[in-house]
2 protein chains.
Amino acid sequence: MHGKNQIGNELSATGKKTFTVKNPATNLDLIGDFHECTIGELNKATKLANDALDLYASKTNKQKAKFLKQIVKEIKKDKSQILIRFWEESGLSMERGKVELKRTLDQLKNFAKYICSKKYNLNTIAEGTKKLPYLEKRMIPIGTVAVFGASNFPFAYSTVGGDTAAALAAGCPVIVKSHQMHAGTGELISDCVIRAANFCNIPNGVFSNLNASSIKVGSELVANEFVKAVGFTGSIAGGTALKKIGDERDSPIPVFAEMGSVNPVVMLPSALTDPKIKWSKTLLKSITTDGGQFCTKPGLLFMYDSVESRNFLRGIGEKIVKMTPAVLLGESISRPFYKKRNKLKHVKKVMFFEAPASDLPNRGQQSLLVVTDETFNKHEFLKEEVFGPHCTAVLCKNKRELKKIISNLQGQLTGTINGSKEDLSKNQDLVLLLENLAGRIIFNGVPTGVRVVAAQTHGGTFPASTDSRFTAVGDFSIYRFLRPVTYQNFPKA
Amino acid sequence: MHGKNQIGNELSATGKKTFTVKNPATNLDLIGDFHECTIGELNKATKLANDALDLYASKTNKQKAKFLKQIVKEIKKDKSQILIRFWEESGLSMERGKVELKRTLDQLKNFAKYICSKKYNLNTIAEGTKKLPYLEKRMIPIGTVAVFGASNFPFAYSTVGGDTAAALAAGCPVIVKSHQMHAGTGELISDCVIRAANFCNIPNGVFSNLNASSIKVGSELVANEFVKAVGFTGSIAGGTALKKIGDERDSPIPVFAEMGSVNPVVMLPSALTDPKIKWSKTLLKSITTDGGQFCTKPGLLFMYDSVESRNFLRGIGEKIVKMTPAVLLGESISRPFYKKRNKLKHVKKVMFFEAPASDLPNRGQQSLLVVTDETFNKHEFLKEEVFGPHCTAVLCKNKRELKKIISNLQGQLTGTINGSKEDLSKNQDLVLLLENLAGRIIFNGVPTGVRVVAAQTHGGTFPASTDSRFTAVGDFSIYRFLRPVTYQNFPKA
């Protein structure tokens, strides 16, 4: 670990302040002193990026694709040490690391393929007439993009994750604000990107990686005159703060922040009695896998109050009390998890189940809270996301109450409705309500597991994302970082 | 003139306050007392729109297209009286009215055609596999859209202009804040829309038209919980104020404001000596037609200082001094026009030409100011738009100075470069600079005259528009008001 900031092609450590990363499973410091990026270094990175802009934009899509594919090759070379550092820094399993890294490399390969495909030939032409001029619309890169690493996706939504891959594919220089909880993983990946850039003759400044444990570097980055767009995955507080900075600049810029959601799941009566699908097992897995630290974790479960539904929930609860608590990503995740959960525990409850407590650091006890619709309506905080392995189930008196509750939820990444096809067709009004909130509606499934394809929408109405018209996942996420320009009467060559 | 607010299908005049519209050519009041919309009426309109949302969205594209085409038919029925009121309220010529109305009807017909075409079938599908779910991405309406009428386009960017047509085509209810300077034209068009809506069985609330002479109604509209997007064409002050309200809501919404620009035109040396194109005539027409009241009027002309360029500008100037002053749209246009122009007149100038003064109201004297690059760099206000028939020409010492000036300009709707093809290929660096600012780059032409086709981009970097990723003109302007939703594992029907 060199612990330095990657300012274009140069490593830099001009600041005095350093920070370390802890292993969340042990709370012990890992190897590596990371130099907090100074404003001077930040300004140098943005200036370099701006200077590289036109040259990088002028590279052919084939050249950009080659760069993306070279990044994949470089990461594969260092795969073992990257995975070990991921495991040490995140507390997530090695198996999860492998799956997430594969997804990350696939994302890079997908964009390499997409920008060389005919689908990406976005020129729209209007032939000239005697009276009207020839017009040709092309999509050009929006400019330098600032990308914020996400705590819960050290690979797929960090250094060279979805946002970076989309921006580089679009022809935009990228400046990453590395996530302080996995600065080492960020550094290792950043080293690979720079090797690939040099190998592919990519202009100096197209990629930079900044270390920062404070919010100042991120704020300055979004306010910087050379930054033209922002990609962020994280909390509502973090995302809205960055959006505010972007909005209030002399020249405002789009801040695409994907800020998580509670992902309501409606279990229609037919789902509870369907012997073919083991819903309790499927839901429990979706709530607790990897410590429930997914923005698509089902945080709210809705069903009609009945003997069946109570038995169903008790079934899940009885499995929860036998679980081993999960290692959460770090103190900045485990502390708010318990703070929120302890608040939830004091509402009037029908049932509450939790895994046994642990003396080990950052362990998250899996839990299920069951409340009535009345209780749910009483406490605004029950609508909020609890990031970690918790779910709240709401027993509704009737459809009217259920509909009222859903229509009062905030914007969501996903909405799920489970039951028979007959039950679905009888509940199109519920589908419509979910549609008004969310970017993805799931039938007979769980919201976790985001397929990375062009047909995906990962976004939703505020606060799930800051702009429901874009997605953070899949081919179309590139359009966050492109803008149209029409050339009028230009020679066709 | 009933002077009432159109709240869904009902005419309403619950407020006490009324206002009149003046004929700018005479400053005399026109027939009609317009009832200022009350907050109660506004809330009723937004509630009706929200209630109509799902039903209107569920109409087929063919049904929506029928509605748009019926609006065209209804407007044609009332064409004569609409044109007369346009002429009285705007001070623009009857000929201009006819051209603008034709464009407006064409826009409606274009959208009707576009949403029924295969190009608009935006579903993206990912077939399911053994392990992965079936995904289908569709584009759905974003929700109720607030549209602000533009002072300078009483037809094409007002009641049922480009924004309204795009929103209705997308399946969004529309609430128009009618422009107070042509409330009568707005009322007549609004009546046509309502007749079309009733004829086509469009749900009550899909269209409302609000009268307002104060900014309060517009502000409340953007802040209203049921409004989900905004379309605005107008001043930087107006647009940024609305954007701020949209950004600061509990649940922020996209405010697409197209706020004009100075539209730099670079005359390369080869353009000044080209006998084939009568540039002085073409430019003069572009600067002064319809009182220069276009957001694409060329406001800044750049050329290298030489005997030829001074003679060229003198040629334009000599025509200007013989012109008859134009009727401007009203006092709220003529007052700031003279305020800005009188400020300009006091800078150190190379030349200044203006048409004779007039005793008649709201007459705008055409004018041309010629300054050196040094003078231009001294006064920040010389970079600002002067809305009306004025242009500032800047004589640059050399290319270095020209490039420095262009790279310091604000975002623009257009950038123009005129000269021989050889000269163009030698000046690709200037094209790149213009590209970084503008949404449309013109070669050998003038920025006025916006062709309404899919290949058009009417937008640019801030402050030309609030979001450079969208256009306000052409088929693609519909995407401002659509958002993707992915249906996972839903039955295919």
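The values are calculated or read from the model by the stated rules, or taken from the named source; none is laboratory data. Not measured: the values here are computed from a predicted model. Every residue, glycine among them, receives a Cβ derived from its backbone with ideal geometry; neighbour counts consider all protein chains shown. To get the accessible areas, we keep the full protein, side chains included, count just its heavy atoms, and leave off ligands, DNA and RNA. Shrake-Rupley method; radii C 1.70, N 1.55, O 1.52, S 1.80 Å.
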| Rounded if a/c is under 1.5, else prolate if a/b beats b/c, else oblate: with a ≥ b ≥ c from the C-alpha gyration tensor eigenvalues square-rooted, which is the stretch B:136-239? | oblate
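Which trypsin sites (Lys or Arg not before Pro) in the stretch A:1-66 sit in a loop by DSSP (not H, G, I, E or B) and have at most 11 other Cβ atoms within 10 Å of their own Cβ? It would help to have the intermediate numbers written out before the result.
On the way: sites: A:Lys4, A:Lys16, A:Lys17, A:Lys22, A:Lys44, A:Lys47, A:Lys59, A:Lys62, A:Lys64, A:Lys66; in loops: A:Lys4, A:Lys16, A:Lys17, A:Lys59.
Here the trypsin sites (Lys or Arg not before Pro) that fit, given the DSSP loop and packing criteria, are A:Lys16.
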| query | To the nearest 10 square angstrom, what accessible area does A:Met139 show with a 1.4 Å probe? | reply | 50
| request: Calculate the all-directions average of the projected area of the stretch B:1-135's alpha-carbon convex hull, and give it in nm². | output: 12.2
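Let me check something: with ligands and nucleic acids excluded, how do A:Met303, B:Met94 order by accessible area (1.4 Å probe), largest to smallest? Each step should come with its number before you reach the end.
Values: A:Met303 5, B:Met94 65 Å².
I get B:Met94, A:Met303, largest accessible area first.
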| Shortest-first nm distances, B:Ala223 label point to equivalent points in other copies (7 Å, Cα→Cβ) | 2.7
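Tell me, what is the percent relative contact order of the stretch B:375-474, built from C-alpha pairs under 8 Å that lie six or more residues apart? Each step should come with its number before you reach the end.
Values: 133 pairs, mean separation 25.3, N = 100.
It comes to 25 percent, rounded to a whole number.
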| task | Obtain the nm distance between the two label points defined at B:Leu28 and A:Asn201 by a simple spin-label model: each point lies 7 Å from its Cα along the Cα-to-C-beta direction. | result | 7.4
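Rounded to the nearest 0.05, what FRET efficiency is calculated for B:Asn311 and B:Lys76 with R0 set to 56 Å and r the Cβ-Cβ distance? The partial results should precede the final answer.
On the way: r = 49 Å, r/R0 = 0.87.
Efficiency at R0 = 56 Å is approximately 0.70.
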| Neighbour net charge for A:Glu318 - beta-carbon separation under 14 angstrom, K R +1, D E -1 | +4
| Spin-label pair B:Lys378/A:Asp423, simplified geometry with 7 Å Cα→Cβ offset, distance in nm | 7.9
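For the stretch B:160-254, what is the accessible area per residue in Å² when the probe is 1.4 Å?
Numbers: 2620 Å² over 95 residues.
Solvent-accessible surface per residue comes out at 28 Å².
Starting from the stretch A:367-418, pick out the trypsin sites (Lys or Arg not before Pro) whose DSSP state is loop and whose Cβ has at most 12 other Cβ atoms within 10 Å. Mind dumping the intermediate values first?
On the way: sites: A:Lys378, A:Lys383, A:Lys397, A:Lys399, A:Arg400, A:Lys403, A:Lys404; in loops: A:Lys397.
Hits after loop and neighbour filter: A:Lys397.
Would you mind giving the mean number of other chain beta-carbons within 10 Å of the Cβ of each residue in A:462-474, as a whole number? Walk me through the numbers before you get to the answer.
Values: counts 6, 3, 0, 1, 3, 6, 11, 13, 3, 4, 0, 1, 6.
Counting Cβ atoms of other protein chains within 10 Å of each residue's Cβ and averaging gives 4.
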| query | Once both axes come from the Cα atoms, what is the angle between helix B:279-288 and the longest principal axis of chain B, in degrees from 0 to 90, rounded to 10? | reply | 50
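Of all accessible surface on the protein assembly as shown at a 1.4 Å probe, what whole percent is carbon and sulfur? List each step's numbers first, then the result.
Details: 20370 of 37540 Å².
In the protein assembly as shown, the share of accessible area belonging to carbon and sulfur is 54 percent.
Could you check what % of the DSSP bridge pairs in the protein assembly as shown are antiparallel, to the nearest 5? Each step should come with its number before you reach the end.
Details: 51 of 134 bridges.
Close to 40 percent.
How big, on average over all directions, is the shadow cast by the Cα convex hull of chain B, in nm²?
Details: hull surface 101.2 nm².
The number I arrive at for chain B is 25.3 nm².
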| message | Return the chain B residue and its Cβ-to-axis distance, rounded to the nearest Å, for the rotation relating B to A. | response | B:Asp247, 2
| query | Cα axis of helix A:39-57 to longest principal axis of chain A: angle in degrees, 0 to 90, nearest 10? | reply | 70
| request: Loop only per DSSP, at most 13 neighbouring Cβ atoms within 10 Å: give me the trypsin sites (Lys or Arg not before Pro) in the stretch A:118-152, ordered by residue number. | output: A:Lys130, A:Lys131
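Working with all protein chains in place, sort B:Val255, A:Val350, B:Val99 by solvent-accessible area computed with a 1.4 Å probe, largest first.
Details: B:Val255 15, A:Val350 45, B:Val99 90 Å².
From most exposed to least exposed: B:Val99, A:Val350, B:Val255.
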| query | In square angstrom, rounded to the nearest 10, how much accessible surface does B:Asp33 have for a 1.4 Å probe? | reply | 90
| message | Please compute the modelled spin-label separation between A:Lys62 and A:Lys109, points set 7 Å along Cα→Cβ, answer in nm with one decimal. | response | 2.1
| Any idea what the B:Lys339 label distances to the other copies are, label 7 Å down the Cα→Cβ vector, nm, shortest first? | 4.8
| What is the protein assembly as shown by shape, rounded, prolate or oblate, if you read a ≥ b ≥ c off the alpha carbon gyration tensor as root eigenvalues and call it rounded for a/c under 1.5, prolate for a/b larger than b/c, and oblate otherwise? | oblate
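Given charges of +1 on the Cβ of Lys and Arg and -1 on the Cβ of Asp and Glu, with all other atoms neutral, how large is the dipole of chain A about its Cα centre, in debye to the nearest 20?
Numbers: 68 positive and 45 negative charges, 211 e Å.
That gives chain A a dipole magnitude of about 1020 debye.
Using r as the Cβ-Cβ distance of A:Asp250 and B:Glu248, and R0 as 25 Å, what FRET efficiency do you calculate, to the nearest 0.05?
Numbers: r = 17 Å, r/R0 = 0.69.
Here the calculated transfer efficiency is 0.90.
At R0 = 30 Å, how high is the FRET efficiency between A:Met1 and A:Ser358 if r is their beta carbon distance? Nearest 0.05 is fine. Can you show the working numbers first?
Details: r = 29 Å, r/R0 = 0.98.
Here the calculated transfer efficiency is 0.55.
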| remark: Taking Cα atoms only, helix B:61-77 is inclined relative to the longest principal axis of chain B by an angle, in degrees rounded to 10, of 60
| task | On the full set of protein chains, 1.4 Å probe, figure out the accessible area of B:Leu482 and give it in Å² to the nearest 10. | result | 0
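What's the total accessible area buried between chains A and B, using a 1.4 Å probe, rounded to the nearest 100 Å²?
What A and B bury together is about 5000 Å².
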| request: Report, as an integer, the average count of C-beta atoms from other chains found within 10 Å of each Cβ along B:45-57. | output: 1
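Using only alpha carbon pairs under 8 Å that are at least six residues apart, calculate the relative contact order of chain B and give it in whole percent.
Values: 1099 pairs, mean separation 85.2, N = 493.
17 percent.
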| Taking a point 7 angstrom from the Cα of A:Glu318 along the C-beta vector, which residues in the stretch A:344-371 have backbone N less than 20 Å away? | A:350-356, A:366-371
| note | Sorting from shortest, the nanometre distances separating the label point of A:Asp54 (7 Å past Cα along the line to Cβ) from those of the same residue in the other copies are 5.4
